[in-house]
1. Taking H as built 1.01 Å from N, whose amide H comes closer than 5 Å to the amide H of Asp172, not counting residues under 5 places away?
2. Would you kindly compute the Cα radius of gyration of segment 230-356 and its largest Cα-Cα separation (Dmax), both in Å?
3. Could you run the Debye sum over the Cα atoms of segment 424-465, one equal point scatterer each and no solvent, and tell me log10 of I(q)/I(0) at q = 0.27, 0.33 Å⁻¹, two decimals?
4. Between (1) 163; (2) 204; (3) 220, which entry matches volume of the Cα convex hull per residue in Å³ as derived from the coordinates of this structure?
5. Project the alpha carbons of segment 153-294 onto their principal axes and report the range along each, largest first, in whole Å.
6. Go through Lys408/Lys461; Lys115/Lys233; Lys77/Lys115; Lys77/Lys113; Lys77/Lys628 and tell me which ones have a Cα-Cα distance over 18 Å in this structure.
7. Using the Cα centre as the reference, give the magnitude of the dipole from point charges on the C-beta atoms of segment 557-670 (Lys, Arg: +1; Asp, Glu: -1; all else neutral), rounded to the nearest 20 debye.
8. For the chain, give the percent of accessible area contributed by carbon and sulfur heavy atoms, probe 1.4 Å, rounded to a whole number.
Amino acid sequence: MLCESGNPSGNYVPPPIGNGDLSVQIDMEGIQKQKRYHGMTPGIYRAGRRYDTYIGELISFGHIDQVSPAPESWRQKLNVETATISTTCTYPDKAEICTEAFVHPELPVLMIKKKFTGKKFTLKYILSSPDDINSLPARMGINTSKNKNGVDISYTISGIPGLDGIISLWTDAPESSVEVGDNQFAISVTGNEATFYLSFHDKLDTEDFIKANCELKAVINNLSYSGLMSSNKAKWGKYYNEGYVKLPDRKLDEVYRTSQYHLKISSTKWSIPTGIFPTHWQGKYFAFDDFFSFMGLLTTGHLSTAKKIPGFRHKHLQKALDRAHRYFGENLSGARFNWQTTEDGSEAASPSFWLEHIFHLASIALSAWEYYRYSGDTSFLAEEGYPVIANCAVFYETQAIYRDNKDKYYIGKCTDLERLGPGRERAFMTTCGVVATLEAAAAAAGILNIDPDKAEQWNSKAANLKKNLPHDGKKYVPYPECEESSIAVFAGKYPYDTLSNIDPLQLSAINDFLEHENEYGNMYPVGHSVCAWYAGWKGVAFARLGLHDLSLECIEQAAAGANCFSEIFEISDPVSHPWFTTAEGAYIHMVNESLIQSSQGEIRITGRDKQDYEFKLAAVGGVTVGVKARNGTIIHLVTSASKMYQGKILLPDKTEYQVSLSSGEEIQLI
């Protein structure tokens, strides 16, 4: 993905590199000038390293700079295949500085190679917050130890001893000089090429972070830049081989690859935030948002990365049980997970009507359920999945489902999508989420052969709720007497696939939204377009409805708003939250389901008519399907399974294959 001074759009935002721990935006000069780009100032942040304030701000770990004038021209490239950023800058005196930077997938270190004309180059590291480059970040105290090739910076955060750590800056240049200031550090080198390393370790990594840092530096110095780059490429290659799509349209393909890349570098050891940036709710976790990222990862075949998301919720199940009801040591009302959480599962949202959301519990339950469906991992279902799913169902039963005097069930007042306002009774999307949760809980109980009475009740209540969804006689509506259109009316197909493909009220509701989507097509009441997130939302629904031409239109609609590096925003008109994982996950999921869909025992390949394409994607039942097509005709079809599988594969031309796979087996059908 290439951007250069002759063609950048006004929406240019420096691309990030990272590994789910470090998050680093690099600008067009290969550094981090403190300039705001749609609210984002390039800097260095670590997932989970935040202040113990009400807001829980991410701690800034400063930024890098260099001694050079403003460039006359520049080129910047993000290589998502190798997770590297490269820049070439030409200066008024015709001097050039070339940069290549990356963060190793498994090491907390930023690596920067600089090639330069002239006799001397100086790299600067400023340990500050973006709003005050002359001072250390808030509450940070440091001790420095200068050495021949760099400096070690031990730091503390006042009041948070668990975040004591060390930063090391050094170079591999044979000749260098090091300058140490109060919060600014510089390494000057001679020659025409040098590599600089910036590593981080703290008590959140390991108690003996000083030792770990010494060992890390030894590994880096032993492997050198070239060895680390080789390792980096190999690990990224292995990850991408888990699953991929190759589309004939270059733009659509680039957006898909950039989205996959950013999801991976945003996957922390806890879960996936909307971005590891201060602008993105300080890198906190929304269960509703991370379901979209989860489904993008899961359907691609990145199961181990996806698994962290339901695993994170299970880890904090007790906190959710206590949130729902805790009285004299008893939990009697299921689990109510918090809306926006920090790494320990605590509520991190400011007080307002969004705290009355309950549909995110459905997203949490379905993350666990879908992971089981795609992996076939019964142990996971029994030990982690079912406790989460069942307790979400119990919460809905005890605190959300009401019954009127005609024995009709409905969902009481809550906050549905925020554009619809507070206190909405019988909200369509929330009800669909409750139905999907109850059905998943009943199905999981049946698989595990437990709780038969509860399963019967869950199925009965789900069916009753489904019969009483809000409608105006012609179509489902977001809530009774609602006069607005909303993406929420797609919820019967996505994100909560619980209604029939031929439900006339669902189809009419979708058509009504399409007539008004330019007015209601953003998460917030701004702009006159459809954001990429909503385009993905629509596209998955259309794929599930078998409306593949409309699904393709949604893919094109989402990609049309992509930016310089084929990245997509939460909203592009007006720009809001660049590099937004929720939209990326929705886009990936949409593309995947436009090519292949599956249910227990059946895999349906839809492909692309008269087009060349390739994919390797996951299917329900622990199956992976690989396809290569030319001019719409499949010329290669291979399938493998992680567990025993029996079922059928349907091709676009109606050809049907019956397959029987043992665990670990792969067969080529075409």
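1. Thr195
2. Rg and Dmax of segment 230-356, Cα atoms, are 17.5, 61 Å.
3. Debye curve over Cα of segment 424-465, log10 I(q)/I(0) at q = 0.27, 0.33 Å⁻¹: -0.83, -1.05.
4. (1)
5. Sorted largest first, the three principal extents are 50, 44, 25 Å.
6. On the way: Lys408/Lys461 9 Å; Lys115/Lys233 21 Å; Lys77/Lys115 16 Å; Lys77/Lys113 15 Å; Lys77/Lys628 29 Å.
Lys115/Lys233; Lys77/Lys628, as the Cα separations exceed 18 Å there.
7. 400 debye
8. Details: 12300 of 25790 Å².
Reported share for carbon and sulfur atoms: 48 percent.
The values are calculated or read from the model by the stated rules, or taken from the named source; none is laboratory data. Predicted, not measured: the structure shown is a model, and the values here were computed from it. So basically every Cβ, Gly included, is an ideal-geometry build from the backbone, and we count neighbours across all protein chains shown. Side chains included, ligands, DNA and RNA excluded: accessible areas come from the protein's heavy atoms. Shrake-Rupley method; radii C 1.70, N 1.55, O 1.52, S 1.80 Å.
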